[in-house]
Amino acid sequence: MLNFFAVFGNPITHSKSPILHNYALLRAMQDLHKKPKEGKVYPLYGCYGRILLTDSKELRKKFDIHTLSGANITLPFKEEAFAQCDEVRGIAREIGACNTWVREKNGIVVGYNTDAEGFYACIAGLTINNALILGAGGSARAVAMILRAHGIGVSLLNRSQKRLNFFRDHGFECYESENFEPSCSYDLIINTTSAGLNNDFLPCEKGKLEAMFADACYAFDLIYGMPTPFLTLAKAYGLNVSDGKDMLIYQAALALELFCKDIPLMQEATYTQLVSYMREIFV
Ligand code: NDP
C-alpha cells in the first residue's frame with residue numbers, strides 16, 4: 001500500500017522536507033531490495049508532498065481529507081498541531097507544540113516533537129553546563145526543554161517580553177534585551193530567532209553578543225544554508241559554530257522513523273541509515 005505524507009506550513013514552497021523524505025524513502029526501498037529478482041516489482045512505501053495551509057483551524061481537516069498517514073507541521077502551525085491531534089507523546093507535551101503527526105493503525109493521530117531531539121543530536125557529544133537561547137518562539141521551547149531534560153542550565157534572552165512568559169512559568173531564567181544581566185557565563189549560545197534569515201540583523205545588540213562570545217565555546221544557529229551575521233561574529237571570536245542543517249536532517253529522520261514504525265519492511269531502515277540517505281541529497 002502506498003502511504004501519503006506531507007508537510008503543512010505557510011509559506012511552504014521553500015521547504016526541504018519533501019526532497020529529504022522522498023529521497024530517503026526511495027533509497028530505503030533500493031537498499032532493502034538489494035538483489036531484486038528480474039521482473040519482480042517492489043513496492044514504494046510512501047510519497048511525501050507539501051501543503052500550503054492558510055487557515056490554521058483546517059489543519060486536522062486537511063490531514064484527514066488527504067488521507068495522510070503522517071505529516072510534518074512547520075511555521076506557524078506547531079501549536080495548532082499540538083491542539084488538534086488526538087494524543088501527544090514525549091517531550092512535545094512539555095513543549096506545547098508538535099512538528100510531527102502519525103496516524104496509527106487504530107486511526108488516532110498522535111503528535112510528537114522531533115525538533116527537540118533533532119537539536120540535541122547535534123550537540124550531544126559536547127561538554128556544556130550552561131546555555132543561552134536567543135529568542136522565545138516555538139523552536140526556543142523545543143531547545144530549552146530538551147537541554148533541561150539533559151541537565152543543562154538554560155537561560156533565555158528575547159527582544160520582547162510576551163513570549164518569555166511561557167519560559168518564566170516553566171522556571172527558566174529569562175531576560176529581555178534591555179535588562180540582560182547574566183548570572184553566569186554560557187558555554188553554548190543558540191540563535192533561535194529569525195534575525196539573519198532574510199536580512200543582516202544580529203539577534204541582539206552586538207556588544208552583548210561580543211561579551212557572551214568572549215566566555216563561550218560554541219555557537220549554534222537554527223537557520224541553515226547561509227552564513228548568518230550571528231555565526232560570522234561567533235567565528236570571529238574563535239567559537240566552534242554550527243548552523244541548522246544537521247538539526248533539519250535529524251528531525252526529519254526521526255519523523256520518518258515514526259512514520260514507518262508499524263511497517264515491517266521499513267523498520268529495517270535504521271535511524272542512522274535514514275540520516276545518511278538524507279545527507280546524500282542535502283549537501
Ligand atoms: P517563532 O516565530 O516562533 O519565533 C521567532 C523568535 O525570534 C521570537 O522570539 C522573536 O521575538 C524573535 N525575533 C524575530 N526577529 C527578530 C529580530 N530581528 N531580532 C531579534 N529577535 C527576533 O519562530 P521559530 O522559533 O519557530 O523559528 C525560528 C527560526 O528557527 C526560523 O528561522 C526557523 O526557520 C528556524 N528553525 C530551524 C529548524 C531546523 O531544523 N534547522 C527547526 C525549527 C526552526 P519576539 O518574541 O519579540 O517577536
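The values are calculated or read from the model by the stated rules, or taken from the named source; none is laboratory data. Please read these numbers as outputs of a predicted model, since none were measured by experiment. Note that we place each Cβ from the backbone using ideal geometry, even for glycine, and neighbour counts take in every protein chain shown. Calculation scope for accessible area: heavy atoms of the full protein, side chains included, ligands and nucleic acids excluded. Shrake-Rupley method; radii C 1.70, N 1.55, O 1.52, S 1.80 Å.
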Exercise for the section: For the stretch 266-276, state whether one or more residues are within 10 Å of the ligand (Cβ to nearest atom), modelled with pLDDT under 95 and either open to solvent by less than 20 Å² (accessible area, probe 1.4 Å) or closer than 30 Å to residue 31 by Cβ (or both). Expected result: no
Practice task
Taking residue 54 as the residue in question, decide whether it is of a type in the set (Ser, Thr, Tyr) and open to solvent by 60 Å² or more (accessible area, probe 1.4 Å).
Solution key: yes
Problem - Candidates 23, 45, filtered to the one that is aromatic (Phe, Trp, Tyr) and within 22 Å of the chain's Cα centre (by Cα) - result: 23
Handout entry: Residue that is surrounded by fewer than 14 Cβ atoms within 10 Å (Cβ to Cβ) and either among the hydrophobic types (A, V, I, L, M, F, W, C) or closer than 24 Å to residue 74 by Cβ (or both), where the choices are 219, 236, 195
Key = 236
Problem - Members of the stretch 193-216 found to be of a type outside the set (Asp, Glu), more than 17 Å from residue 119 (Cα to Cα), assigned to a loop (DSSP other than H, G, I, E, B) and out of contact with any Ser or Thr (no Cβ under 6 Å at 6 or more places or on another chain), listed by number - result: 195, 197, 198, 199, 201, 202, 216
Practice task
Any residue in the stretch 101-123 that's within 13 Å of residue 86 (Cβ to Cβ): show its pairings with residues that are within 16 Å of the ligand (Cβ to nearest atom) and in a loop (DSSP other than H, G, I, E, B) at Cβ separation under 8 Å, as long as the two are six or more apart or on different chains.
Solution key: 111/98; 112/98; 112/99
Completion exercise
Reported set for the stretch 243-263 where residues are buried (at least 21 other Cβ atoms within 10 Å of the Cβ) and in contact with a strand residue (DSSP E or B) (Cβ under 7 Å, 6 or more places away or on another chain) is 243, 244, 255, 259
Handout entry: All positions within the stretch 119-157 that are closer than 19 Å to residue 231 by Cβ and among the polar types (S, T, N, Q)
Key = 139
Practice task
Search the stretch 106-135 for residues being of a type in the set (A, V, I, L, M, F, W, C) and within 21 Å of residue 46 (Cβ to Cβ), and hand back the single one that is surrounded by the fewest Cβ atoms within 10 Å (Cβ to Cβ).
Solution key: 108
Problem - Subset of the stretch 224-264 [within 12 Å of the chain's Cα centre (by Cα) and at pLDDT 95 or above] - result: 244, 245, 246, 247, 248, 249, 250, 251, 252, 253, 254, 255
Completion exercise
The strands (runs of 3 or more DSSP E) lying wholly within the stretch 108-185 that contain at least 1 residues that are under 21 Å from residue 240 (Cβ atoms) and hydrophobic (A, V, I, L, M, F, W, C) are 130-134, 153-158
Practice task
Name the residue, out of 141, 159, 103, that is within 9 Å of the ligand (Cβ to nearest atom) and either surrounded by 18 or more Cβ atoms within 10 Å (Cβ to Cβ) or hydrophobic (A, V, I, L, M, F, W, C) (or both).
Solution key: 141
Exercise for the section: Hey, can you tell me all the residues within the stretch 64-99 that are open to solvent by 20 Å² or more (accessible area, probe 1.4 Å), touching a residue at least 60 places away in the same chain (Cβ under 8 Å) and farther than 22 Å from residue 136 by Cβ? Expected result: 66, 67, 69
Exercise for the section: Could you list, in sequence order, all residues of the stretch 199-225 that are farther than 19 Å from residue 187 by Cβ, in contact (Cβ under 8 Å) with a residue 12 or more places away in the chain and more than 8 Å from the ligand (Cβ to nearest atom)? Expected result: 200, 205, 206, 225
